[in-house]
Structures are given as structure tokens and as C-alpha cells.
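Shown next, in C-alpha cells, is the structure this report addresses.
Any read-out appearing in this document is the output of simple, stated calculations on the displayed coordinates, not a laboratory observation. Everything quoted here is computed from the prediction, not taken from an experiment. Cβ atoms come from the backbone with ideal geometry, glycine included; neighbour counts cover every protein chain shown.
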């Protein structure tokens with residue numbers, strides 16, 4: 001009988017990369033509900049722009065929807081570029097910690113793109129119903145203490 | 001008897017990453033023929049700078065050769081930085097769709113690098129003679145509608 | 001009896017990505033000794049800023065420590081973003097050549113981040129005591145001949 005085995009590290013990394021890339025694509029296209037669904041139901045997002053962490057999909061989606069509508073009105077596209085990603089070995093509870101650098105690039109029609117923010121993103125990812133989700137996300141900005 | 005199996009997702013991702021990185025390195029070093037050979041013989045490239053898609057290796061190589069000579073004359077180096085890449089599961093025909101963000105960075109001698117373009121690159125990749133090739137590439141720029 | 005096999009390419013890539021990401025995180029947080037320990041004992045680092053290559057962990061750590069203290073005094077954070085990485089198949093001696101693009105982003109308090117340098121990084125990596133180490137690193141800047 002073959003034993004069930006944990007997925008090897010390479011599979012974990014490939015899955016996390018796809019998860020992260022799709023999540024950023026959803027965010028940048030303003031698909032607020034689909035983006036919020038990449039968090040656990042009570043997922044926590046501590047962005048540098050909010051005084052308190054945001055918790056739960058409804059609040060997460062509302063925040064992205066409002067931000068995207070404002071940017072669309074200004075004709076600005078934002079991209080979240082995830083690089084230099086270190087995926088840790090899974091914790092005993094199966095969660096996985098991931099540390100990445102994130103550049104936020106803003107572009108307006110007929111203008112050159114601007115490097116708006118340089119951030120560090122620290123995630124705690126978990127698998128729910130066979131899919132990766134963010135349980136906790138902490139983001140810091142290099143231009144703030 | 002062991003059945004032939006599709007390569008697992010992690011292997012696919014690693015192969016695509018190497019393919020893409022080498023392809024960008026060839027492009028940025030101006031190796032026009034080697035770059036064109038990373039497309040299928042009748043490969044299609046729809047860049048934002050051309051009014052019509054470019055089709056076929058000869059036309060692809062000619063475009064890169066001309067662009068690189070112009071940049072070399074100006075002493076400018078260009079880099080195509082590929083990030084935030086989502087590799088989809090293979091289609092029934094074996095082709096693979098890949099969506100990435102691409103920053104184009106331009107640098108002149110003794111000057112600071114400039115973030116020239118923020119693009120989205122959507123590829124349809126296929127395997128030919130054991131090597132990955134681009135069958136179709138669609139690139140959009142954030143500064144254009 | 002199962003034969004010992006080389007790790008497949010996907011595992012190699014995943015391991016190299018983690019190694020590189022953690023190494024850049026150590027560099028950017030100014031953890032000079034831990035960063036120097038990611039090189040072999042007599043590891044060689046040929047950065048564009050030094051007239052001669054730097055060799056050995058003590059010299060490597062000293063250089064990073066001095067640079068980080070200076071930046072901290074100025075309130076500047078630096079990030080080394082590694083992208084577009086091509087990991088070659090291992091050489092017969094087990095070493096692995098890796099070519100990447102590196103953006104160096106500098107951010108001061110309350111200021112926008114600046115793309116400071118666009119570099120190409122060519123590494124020769126080896127495994128020592130079960131861990132990846134840099135044996136040789138050559139970095140070039142696009143703004144210099």
C-alpha cells in the first residue's frame with residue numbers, strides 16, 4: 001500500500017506561486033469578490049494604509065471595490081509585482097509562511113509608469129477545501145517607519 | 001507496465017520559468033535569431049508597438065535586430081523583467097497558457113535606470129521537438145487603452 | 001534496491017529560489033554575518049562597485065556591515081529584487097550556474113521608492129554540508145560599460 005505523502009517542496013512552491021500570481025491579477029483587475037475569496041472566511045489583512053487590520057471577506061472585498069473604482073475614475077492602473085519569494089517549510093499545523101517583496105506600479109494613460117510603493121508581504125497560507133487561502137497577511141512599506 | 005504520465009505541475013512551472021528567463025535574456029542581448037527560434041515557425045507576436053501582429057520567425061528576428069541596433073547606437077540597455085507569473089494547467093491539446101507582468105527597464109550609460117513600460121504578457125506555449133516554444137504572445141501596455 | 005538519484009530540475013529550481021530569496025532578505029536587513037555565511041568560506045563576490053573582487057566571508061560581512069550602517073544613518077532601505085532567473089542544469093562537478101536580473105530599489109522615509117540600479121547577477125552555486133552556497137558571484141550594472 002502506498003502511503004499518502006506530503007507534497008514535496010517543489011510542488012508546494014509551484015502551487016504557492018500560481019496562487020499568489022492569480023491573486024495579484026484579481027486584485028489589479030478589480031475583481032473584488034474573487035480576490036476576497038482567496039482569503040479564509042475570517043482572513044486578516046494588515047495593510048500599511050489601514051489603521052487597523054481588516055478581517056473577513058466582506059470587508060476585504062469592500063475595500064478593494066472602493067479603491068478600484070477610485071483608480072478607474074482617475075484612469076490609473078495598478079500592478080502588484082511579487083518577487084524574491086521565500087516559501088518556508090510547512091508548520092506542524094500545515095500552514096505555510098511566505099515572505100515576498102512587492103512593488104506597486106501605477107500607470108496613467110499616456111504617462112510613464114511610476115514605482116509607487118516598495119513593500120514587504122508576509123503571509124500565513126493554509127489549504128481549505130483543496131485550495132490555498134491567506135489566513136493572515138502583513139504588509140509593510142519601506143517609506144514608513 | 002508504467003504508463004506515460006504528464007509531467008507534474010511543478011516540473012511544468014520550472015521548465016516554463018527557464019524558458020521565459022532565457023528568452024528574455026536573448027531578447028535583451030539582441031540575439032535576434034536565437035530569440036526568434038523560441039517561437040514556433042509561424043509563431044504570432046502581438047506587441048503593443050505594432051499595428052498588426054507579427055507572424056513567423058523571419059519577421060520576428062528582423063524586428064528585434066532593428067530595435068537592438070537602434071538602442072545600441074543610443075547606448076541604451078533594455079531589460080524585460082518577468083514576474084507574478086501564473087502558469088495554467090495544460091489544455092487538452094498540450095498547450096499551456098501563461099500570464100505574467102513584464103516591466104521594461106531602460107538604462108543609459110551613467111544614468112539612472114528608468115521604468116519605461118508596465119506590460120501584461122499572455123502566452124500560449126507548446127512543446128515542439130522537446131522544447132517549449134511560443135505559439136502566440138499578446139502584450140498590452142498599461143499606458144494605452 | 002533504490003538507487004540514489006539527482007534531484008529533478010523542479011526541486012533544484014525551488015531550492016535555488018528559496019536560497020536566493022532568503023539571501024536577499026538577509027542582505028537587505030543588514031544581517032551581514034548570516035549573509036556572508038551564504039557564500040562558501042572562500043567565496044568570491046565581484047560587485048560592480050568594487051575595483052577588485054571580494055573574497056572570503058570576513059571581507060564579505062565587513063562590506064555589508066559598513067554599507068548597511070551608512071544607509072541606516074541616512075534612513076534609507078534597500079531591496080534587491082531578483083527576477084527572470086534561469087537556473088542551468090548542474091555541471092559535472094555538481095555546481096549550478098544561475099543568471100538573474102536584479103533591481104536595486106532605494107526608499108527613504110516619506111519619499112517615493114527609486115529604482116537605483118539595474119543589474120545582471122551570474123552565480124556559481126554549490127552544495128556544502130547540505131546547503132546551497134555561492135562560490136562565485138559576478139554582478140554587472142547596466143549604467144556602466
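Tabulated data for the structure shown
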| quantity | calculated |
| --- | --- |
| Whole-angstrom gap from segment B:17-45 to segment C:51-85, using each part's C-alpha centre | 33 Å |
| Shortest-first nm distances, residue A:92 label point to equivalent points in other copies (7 Å, Cα→Cβ) | 4.8, 4.8 |
| Protection-proxy order for peptides C:16-25, A:60-69, each taking the mean of Cβ atoms within 10 Å per residue, highest first | C:16-25, A:60-69 |
| Axis-proximal residue, chain B, for the rotation superposing B on A (Cβ, Å) | B:10, 2 |
| Shape category assigned to the protein assembly as shown from the gyration tensor of Cα positions, a/c cut at 1.5 | rounded |
| Other protein chain Cβ atoms within 10 Å, averaged over every residue that makes up C:90-100 | 1 |
| In nm, spacing of pseudo-spin labels at residue B:29 and residue B:41 (7 Å Cα→C-beta vector) | 2.7 nm |
| Antiparallel DSSP beta bridges within segment C:21-145, percent to nearest 5 | 90 percent |
| Calculated label separations, residue B:114, copies of the chain, 7 Å along the beta-carbon direction, nm | 1.6, 1.6 |
| Three-way shape label, segment B:9-141, alpha-carbon gyration tensor, a/c 1.5 | prolate |
| Segment A:118-139-segment C:93-111 distance, computed between alpha-carbon centres (Å) | 24 Å |
| Other-copy label distances relative to residue B:131, 7 angstrom Cα-Cβ extension, nm | 3.9, 3.9 |
| Residue-averaged 222 nm ellipticity for chain C, from DSSP H runs of 4+ at -39500 (n - 2.57), nearest 500 | -9500 deg cm²/dmol |
| Beta bridges by DSSP in the protein assembly as shown, antiparallel share as percent, to the nearest 5 | 90 percent |
